[in-house]
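Presented below is the structure to which this report refers.
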Amino acid sequence: MKILRFDISSRLLHWTHAVFFIWLMITGISMFLTPKSLLGNPLLKMAHVYASLPFILVPILVYIFSSQKTRNDIRDMKSWAGEDLKWFVEILKNNKTHVAGKFNGGQKANFFLTLLLIIGLSLSGFIIWMKSLFSVSFVEFNFIVHDFLAEISIFLLAGHVILTLFNIESLRGIINGEVNSDWAKKHYPVWFLKKNGS
């Protein structure tokens, strides 16, 4: 039996962010590797810079017009409890983990790290883009910050993809919205019981 884990607006929020991030990552790496100049190929720069606008704005618009379920998911992601910290301890001990709600501690940590990286990349990217408004030393510092945060983002994305492939039912959930009820009961028992009104 299948149960709904993510509605259409939750999936739209996830995938719009993912698509624009991957585009920014590809164009950013290409700019970094191109030998033409510090800022790279002008066309790549344009493709990178202007993609940053929908990267920031589209998820915000999706959230504004999203369903109450999506807003509840984000609220759950932002809330931390002792059970979430305990989840990390159990993972390190290689013990069976207990998830107190719809998301585990790792998923919540990924959400916070992603949010911080978006803010850091957006601010440092804006300073690089509008470099004429700032001192040369400040712009150069933000180049370093931007590159460093991008590298962290790539590692975070790689970890996210690898863990998803090891939990293929999670991938099905974020693609078509539904997951197997037995999987949900095993990995997210509290959420499963609440979902079924038990």
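The values are calculated or read from the model by the stated rules, or taken from the named source; none is laboratory data. Since the structure is predicted, the reported quantities are computational estimates derived from the model, not experimental observations. Ideal geometry is used to build each Cβ from the backbone, glycine not excepted, and the neighbour counts take in all protein chains shown.
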Q: Pairs only if they're at least six apart or on different chains, beta carbon under 9 angstrom, first in segment 72-85 and aliphatic (A, V, I, L, M), second at pLDDT 90 or above and outside any helix (DSSP H, G or I); list them, first residue then second.
A: MET77/LYS102; MET77/PHE103
Q | Residues located in segment 1-31, provided they are in contact with a Lys or Arg (Cβ under 9 Å, 6 or more places away or on another chain) and surrounded by 15 or more Cβ atoms within 10 Å (Cβ to Cβ) | A | ILE3, ARG5, PHE6, ASP7, SER9, SER10, THR27, MET31
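Which of the residues that make up segment 5-28 are of a type outside the set (D, E, K, R) and either part of a loop (DSSP other than H, G, I, E, B) or over 22 Å from PHE103 (Cα atoms) (or both)?
Applying the first criterion (of a type outside the set (D, E, K, R)) to segment 5-28 yields 6, 8-10, 12-28.
Those that are of a type outside the set (D, E, K, R) and either part of a loop (DSSP other than H, G, I, E, B) or over 22 Å from PHE103 (Cα atoms) (or both): PHE6, VAL19, PHE20, PHE21, ILE22, TRP23, LEU24, MET25, ILE26, THR27, GLY28.
I'd like to know if segment 69-84 contains one or more residues that are crowded, with 17+ Cβ neighbours inside 10 Å, under 17 Å from ILE174 (Cα atoms) and modelled with pLDDT under 90. Steps first, answer last, please.
Going through segment 69-84, the residues crowded, with 17+ Cβ neighbours inside 10 Å turn out to be 70, 73, 77, 84.
Next, only the ones that are under 17 Å from ILE174 (Cα atoms) stay: 70, 73, 77.
From what's left, modelled with pLDDT under 90: none.
No, segment 69-84 has no match at all.
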Q | Index of the failed condition, ILE60 passing every other in (1) in contact with a helix residue (DSSP H, G or I) (Cβ under 9 Å, 6 or more places away or on another chain); (2) closer than 20 Å to LEU123 by Cα | A | (1)
Q: Scan segment 75-85 for residues that are more than 18 Å from the chain's Cα centre (by Cα) and more than 10 Å from ASN104 (Cα to Cα) and jot them down.
A: ALA81, GLY82
